[in-house]
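To start, the structure itself, in structure tokens.
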């Protein structure tokens, strides 16, 4: 009898030891264990390190606190100026309160993905194409604030939202290329006109300066002859001042005025 009792005690001790060893759980630094005891949630999450989970009384749900990247599938969007686009985004989120992430929602990743798709369509549908392309940071912040407002009751924090890619129709790409080309041509013509205006202004200033000192015109003639002579050509250039021709015209006009008028006949 004593041997039988001793054998049963040994078996019971082994079973207890095995049960205790199986109840030992090790949680990593980034993990927390949400414990349900007889179906009721314990006040605080366990971990990290070694914890005891006494099954079947206790049930553990492991929750990771690391940041996760969630990619939103491409969404068909019509902007406020009636342009059809395909836009996808990426969401960065992490669990702040493990107990709420387990109790308040069945699958916080799936729920966040669904909210992100609907929010992306509604927010980008209120924007024009130029605003979407030029003010993407502002749109990202608005998407983040809306998603964070939805996920905060679950103990999930949306840290960042980025509009990843905007696919436009081929016709819209051609129209934007034509617009950019027209804009560059416009700037080119404006710059050319400003250059012509500056050159004309400089010529006017130079003409006023040369007219104040007639000798400077002769010096310019001599400088031009020096530049021509450097090329070693056989062309002979005789500079004739423009005033010379105007003097000849005045002289001819005066000679014509000095001729006697024809006599009138009665």
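The values are calculated or read from the model by the stated rules, or taken from the named source; none is laboratory data. Remember, it's a predicted structure, so these values are computed and weren't measured experimentally. Here Cβ is always computed from backbone atoms with ideal geometry, including for glycine, and neighbour counts include all displayed protein chains.
A few comments on the model shown:
- Filter result (touching a residue at least 12 places away in the same chain (Cβ under 8 Å), surrounded by fewer than 17 Cβ atoms within 10 Å (Cβ to Cβ) and outside any loop (DSSP other than H, G, I, E, B)) within region 36-50: 36, 37, 41, 49, 50
Per-residue answers, yes or no, for (1) surrounded by 10 or more Cβ atoms within 10 Å (Cβ to Cβ); (2) closer than 30 Å to residue 82 by Cα; (3) modelled with pLDDT of 85 or more:
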| site | (1), (2), (3) |
| --- | --- |
| 128 | yes, yes, yes |
| 140 | yes, yes, yes |
| 154 | yes, no, yes |
| 161 | yes, yes, yes |
| 165 | yes, yes, yes |
| 170 | no, yes, no |
| 198 | yes, no, yes |
| 227 | no, no, no |
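- Answer residue from region 58-98, given it is part of a loop (DSSP other than H, G, I, E, B) and over 17 Å from residue 160 (Cβ atoms) and is farthest from the chain's Cα centre (by Cα) among those: 97
- Inclusion of residue 186 among residues that are touching a strand residue (DSSP E or B) at 6+ places or on another chain (Cβ under 6 Å), more than 20 Å from residue 82 (Cα to Cα) and surrounded by 10 or more Cβ atoms within 10 Å (Cβ to Cβ) is not warranted.
- Test: residue in region 81-100 that is over 17 Å from residue 157 (Cα atoms), exposed (fewer than 15 other Cβ atoms within 10 Å of the Cβ) and in contact with a helix residue (DSSP H, G or I) (Cβ under 7 Å, 6 or more places away or on another chain): yes
- Test: residue in region 23-35 that is surrounded by fewer than 14 Cβ atoms within 10 Å (Cβ to Cβ), free of Cβ contacts under 8 Å to residues at least 60 places away in the same chain and either at positive phi or assigned to a strand (DSSP E or B) (or both): yes
- Filtered residue count, region 141-179, keeping only those that are without any contact (Cβ under 8 Å) to a residue 60 or more places away in the chain, touching a strand residue (DSSP E or B) at 6+ places or on another chain (Cβ under 7 Å) and more than 18 Å from residue 79 (Cβ to Cβ): 4
- Complete set of residues in region 114-140 that are within 12 Å of residue 158 (Cβ to Cβ) and either touching a strand residue (DSSP E or B) at 6+ places or on another chain (Cβ under 8 Å) or outside any helix (DSSP H, G or I) (or both): 116, 140
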